[in-house]
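For reference, the structure discussed in these notes is given below.
The values are calculated or read from the model by the stated rules, or taken from the named source; none is laboratory data. Keep in mind that what you see is a predicted model, and the values were worked out from it rather than measured. Neighbour counts run over all protein chains shown; Cβ positions are idealised from the backbone, glycine included. Heads up: the accessible areas ignore ligands, DNA and RNA and are worked out on the full protein's heavy atoms, side chains in. Shrake-Rupley method; radii C 1.70, N 1.55, O 1.52, S 1.80 Å.
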Amino acid sequence: MSKSIKYNLIFTVLFFGLFVTYFAIYSYLLQLNISYLHLTFIAMFSISYIVLLNFINKQWWYFICYIGITILLLFSLVNFAYFQIFKNFIVFGPNQISQVNSGLLYIFQDFYHLVPNTLYTSGALLLVAVIILASIYLEIKIKRKIGDLLFQNTKFKIFIKIPSRPIKKILLALLFFVIINFSIFNFVSYLQNNPKQNWWKNAQKLNEIGFLGDFYEQLFSPWITTQAKNENSSTMATTEKSNDKKIAEKKYILPEDILEQTKYIYQTILPDLAKTTNKIIGLPQIAPDTNVLIIQLESVSDWAINNDPSPMPFLKSLIKDNISVDNFHANSCQTVNAEFTSLCGYWPDSEGTIDSTHLQNDFNCLPQTLKDKNYESYYFHSDLPNFYSRDVLLPKWSFDYTYLTPYFRQKEDDEFVFLHSLDILAESEKPFLAYVLSFTTHSPHNDELIDYNLEKNNLKITPWRDKLNPEYVELLESEKHRYENKKLIENYYGFLKTTDDALKATFTKLSELDMLNDTLIVIHNDHRFYSFFSDDFKGWQQYNLMPFVIITPEKDKMLIQDTASHLDIAPTILHLLNQDTTKIPQHFTGHSLFADDFPNQVLNKCLDNVYYANKDLLIEGSNKSNIYHMSKEPQNMTSENKENWLSWVKTLAQTSDQVLDQNKLQP
């Protein structure tokens with residue numbers, strides 16, 4: 001073996017060792033494995049990087065390569081914090097990158113604490129080690145102790161038969177770089193088209209492919225998604241035929257229009273398979289010009305409200321004494337998607353937020369529908385307009401008046417925003433639809449944010465000093481929740497208490513303004529409290545169930561339906577105002593909670609993780625891996641019926657995304 005090959009192999013192994021060390025620490029802290037797949041991606045990255053160094057033997061080129069490693073390390077740190085919250089890595093496609101703005105960057109500063117100091121130190125040491133090692137490598141190359149890559153002083157030179165001039169060396173290095181990355185592309189494509197059966201949950205897939213595997217998968221996704229989509233289309237056609245055969249005495253023929261297909265699956269086929277039985281209830285009488293006030297809470301979970309004693313006693317009493325449901329779910333896991341689904345009656349995309357996937361679309365939402373009935377619409381939130389591109393979305397959703405930062409200071413406390421909103425609404429000469437968002441309970445629930453609220457909002461948040469339910473304490477003490485602890489939950493409860501106080505003050509002021517008698521109030525939460533759950537079905541329920549309540553002018557009290565979601569809010573409001581269901585926009589896919597055919601079901605799509613649930617079963621899957629799993633099933637369910645369910649839910653997840661792709665929600 002020549003000296004050139006020996007040196008290149010030595011440095012490749014050294015770079016590999018550095019990257020393995022960093023990503024081993026990275027994975028350990030995220031409680032992920034270092035699998036053979038992960039090691040394969042690290043090895044390919046190491047080879048690719050040393051080939052990149054061989055393009056040009058100049059300090060300025062190496063400096064560019066150092067910048068590249070720095071960007072990758074920073075991206076890995078941001079992803080570490082993101083994974084802590086969403087159990088997924090950030091999607092960085094063209095749409096997502098185009099949405100990076102000051103509002104998004106501003107929020108990142110709140111979450112730096114989610115990355116442990118050990119990883120910050122490891123990243124810094126890796127960068128220093130890479131620079132030192134690459135500098136030594138360049139020094140040896142300049143002194144001509146080794147050849148460029150494996151092309152000099154080897155038999156490869158015999159086949160190419162070209163002079164060893166700089167341009168030729170660059171072309172050779174580029175050729176080898178393309179070969180290496182083409183190999184990675186084929187490896188990624190193979191994994192995507194041959195996923196493991198346990199990859200129905202993205203976290204399990206990421207546990208095996210690691211950060212670099214996900215990085216390469218997203219990097220090459222524009223060239224391999226076409227094949228996946230074709231596969232999805234053929235799967236849907238096969239599913240349709242197979243369902244015709246599997247269901248005795250009943251055949252389902254899907255409409256040609258993709259929106260109608262989606263509605264037919266969700267509104268007809270799945271309820272029919274479930275043999276859904278819903279509660280027959282009377283429709284509360286509401287005047288047609290009744291005001292509508294929707295309050296969207298932030299990160300409030302049922303399990304927290306149901307602590308004994310509750311940190312939100314006022315909200316708990318509202319739920320008990322008015323109209324609610326047994327199990328209320330989100331249809332996604334991000335705030336803006338909760339707004340979109342609640343107002344526009346349709347699911348967001350499986351991949352991400354509505355602004356990052358379909359900002360260019362047109363929409364026909366509740367504000368527009370009520371505008372046709374002479375309503376004015378208002379939106380209130382103490383956040384930057386460009387965060388989630390609300391400055392673009394809110395006009396598309398047909399809001400007449402929007403009040404965001406700087407009208408409200410960013411992170412203004414809930415009580416100030418709620419009460420100030422009522423002052424504005426009291427001046428309205430027309431019936432109004434108002435959408436008011438909470439912010440105070442937004443994570444992180446740390447001491448820094450407690451201090452911020454005291455300094456900026458004059459709001460004292462006192463950590464919870466009463467007891468926690470024993471099962472929560474037991475879960476917190478488990479190794480699974482390395483970054484959650486009793487103090488974090490006590491802080492969280494303290495934040496919840498302030499929002500509960502804000503709600504109480506809001507209802508007091510509504511009464512003082514004599515608005516309770518002519519206002520329909522809907523209170524719901526945006527998404528689950530991230531993390532802190534167990535892997536069993538009870539843990540899944542605690543993780544996903546959220547508060548929901550309707551307060552009518554007549555203070556109707558009833559527990560209606562078993563399972564509902566954001567998707568059902570807009571149809572319910574229109575049903576109450578119109579006293580019938582004939583004037584609900586065609587694309588609204590949910591049901592009124594008072595409808596005789598209410599299906600008691602939910603479909604949630606969160607960063608390519610999908611779940612469908614009704615009172616008898618739970619199906620979880622990955623829209624990216626296209627694998628679905630029945631996590632809870634009724635007794636005596638046949639394997640044929642099980643496959644039937646999995647096929648239809650898979651199809652529903654796919655067609656519901658295609659509706660957005662085809663811009664089918666426009667007026």
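To the nearest 10 square angstrom, how much accessible area does Thr563 have with a 1.4 angstrom probe?
Its heavy atoms expose roughly 10 Å² to the probe.
For the chain, find the longest principal axis of its Cα atoms and tell me its angle to the long axis of helix 335-344, 0 to 90°, nearest 10.
Between helix and principal axis, roughly 50 degrees.
Taking H as built 1.01 Å from N, whose amide H comes closer than 5 Å to the amide H of Phe432, not counting residues under 5 places away?
Result for Phe432 returns Asn291, Val292, Glu376.
Per-residue counts of other Cβ atoms within 10 Å, averaged by peptide: what ranking do you get for 286-298, 619-631, 401-413, highest first?
Result, highest mean first: 619-631, 286-298, 401-413.
If I model a spin label as a point 7 Å beyond the Cα along the Cα-Cβ vector, how far apart are those points for Trp61 and Glu256 in nm?
Modelled inter-label distance: 5.8 nm.
Relative to the first principal axis of the alpha-carbon coordinates of the chain, what is the inclination of helix 202-246, with its axis defined by its Cα atoms, in degrees from 0 to 90 and to the nearest 10?
Compared with the principal axis, the helix lies near 60 degrees.
How many Å² of accessible area per residue for the chain, probe 1.4 Å?
Per residue, the chain has an accessible area of 42 Å².
Listed highest first by mean packing, meaning other Cβ atoms within 10 Å per residue, what order do 592-601, 311-320 come in? The partial results should precede the final answer.
Numbers: 592-601: 20.8, 311-320: 19.0.
Listed from highest to lowest mean packing, they are 592-601, 311-320.
Please work through the chain and write down the cysteines that have no neighbouring cysteine Cβ at a distance under 4.7 Å.
That list is Cys65.
With point charges of +1 on the Cβ of Lys and Arg and -1 on the Cβ of Asp and Glu, referenced to the Cα centre of the chain, which listed residue (Gly621, Tyr543, Val13) lies farthest in the positive direction of the dipole?
Sorting the options by dipole projection puts first Val13.
Taking all protein chains together and a probe of 1.4 Å, list Phe63, Phe432 from the most accessible to the least accessible.
Result, largest first: Phe63, Phe432.
Please go through the residue pairs Lys316/Lys487; Lys275/Lys624; Lys196/Lys664; Lys371/Lys396 and name each one whose alpha carbons sit more than 25 Å apart in this structure. Intermediate values should be presented prior to the final figure.
Details: Lys316/Lys487 23 Å; Lys275/Lys624 30 Å; Lys196/Lys664 34 Å; Lys371/Lys396 13 Å.
From Lys316/Lys487; Lys275/Lys624; Lys196/Lys664; Lys371/Lys396, over 25 Å: Lys275/Lys624; Lys196/Lys664.
Cα centroid distance between the stretch 41-91 and the stretch 426-474, in Å?
The two parts, judged by their Cα centres, are 38 Å apart.
Percent antiparallel among DSSP beta bridges with both residues in the chain, to the nearest 5?
45
Got a sec to turn the phi values of the stretch 138-143 into Karplus ³J(HN,Hα) couplings, 6.51 cos²θ - 1.76 cosθ + 1.60 with θ = phi - 60°, whole Hz, x for Gly and Pro?
Each residue's phi maps through the Karplus curve to give 5, 4, 5, 5, 5, 7 Hz.
By per-residue mean of other Cβ atoms within 10 Å, what is the highest-first order of 578-584, 266-272, 38-44? List each step's numbers first, then the result.
Numbers: 578-584: 14.1, 266-272: 17.7, 38-44: 20.4.
Ranked from most to least packed, the peptides come out as 38-44, 266-272, 578-584.
Please get the size of the charge dipole for the stretch 515-658, origin at its Cα centre, with Cβ charges of +1 on Lys and Arg and -1 on Asp and Glu, quoted in debye to the nearest 20.
240
Just check the stretch 576-667 against the gyration tensor rule for me: Cα atoms, a ≥ b ≥ c as the square roots of the eigenvalues, rounded for a/c under 1.5, and otherwise prolate or oblate depending on whether a/b exceeds b/c. Mind dumping the intermediate values first?
Values: a/c = 2.69, a/b = 1.38, b/c = 1.94.
Oblate, because a/c is 1.5 or more while a/b does not exceed b/c.
Could you please state how large a percent of the accessible area of the chain is carbon and sulfur, counting protein chains only and using a 1.4 Å probe?
Of all accessible area on the chain, carbon and sulfur atoms account for 56 percent.
Report the accessible area of Leu433, computed with a 1.4 Å probe over the heavy atoms of all protein chains in place, in Å² rounded to the nearest 10.
0
So how far, in whole Å, is the C-alpha centre of the stretch 251-325 from the one of the stretch 336-362?
18
What is the extension gain from Tyr28 to Lys430, computed as 0.36 nm multiplied by their sequence separation minus the C-alpha to C-alpha distance, in nm to one decimal? Walk me through the numbers on the way to the answer.
Details: separation 402, 0.36 × 402 = 144.72 nm, distance 5.81 nm.
Here the segment from Tyr28 to Lys430 would lengthen by 138.9 nm.
Out of [x] 173; [y] 203; [z] 182, which label holds the value of volume of the Cα convex hull per residue in Å³ that was computed here?
Calculated volume of the Cα convex hull per residue in Å³: the matching label is [x].
For the chain, build the charge dipole from Cβ charges (+1 Lys, Arg; -1 Asp, Glu) around the Cα centre, then report which of Pro222, Leu488, Gln666 sits farthest towards its positive end.
Checking the options against the dipole of the chain, the answer is Pro222.
Quick one: length gained pulling Tyr530 to Phe182 fully straight, 0.36 nm per residue minus the C-alpha distance?
121.5 nm
For the stretch 317-328, take each phi angle, set θ = phi - 60°, evaluate the Karplus expression 6.51 cos²θ - 1.76 cosθ + 1.60, and give the result in whole Hz per residue in order, putting x for glycine and proline.
After applying 6.51 cos²θ - 1.76 cosθ + 1.60, I find 5, 4, 5, 5, 9, 10, 9, 8, 10, 5, 9, 10 Hz.
Between the helical axis of 639-661 and the dominant principal axis of the chain, each derived from Cα atoms, what acute angle in degrees is found, rounded to the nearest 10?
That helix lies at roughly 90 degrees to the long axis.
Provide the per-residue ³J(HN,Hα) series for the stretch 124-132, in order, calculated from phi with Karplus coefficients 6.51, -1.76, 1.60 and θ = phi - 60°, each as a whole number of Hz, with x at glycine and proline positions.
5, 5, 4, 4, 4, 5, 5, 5, 5
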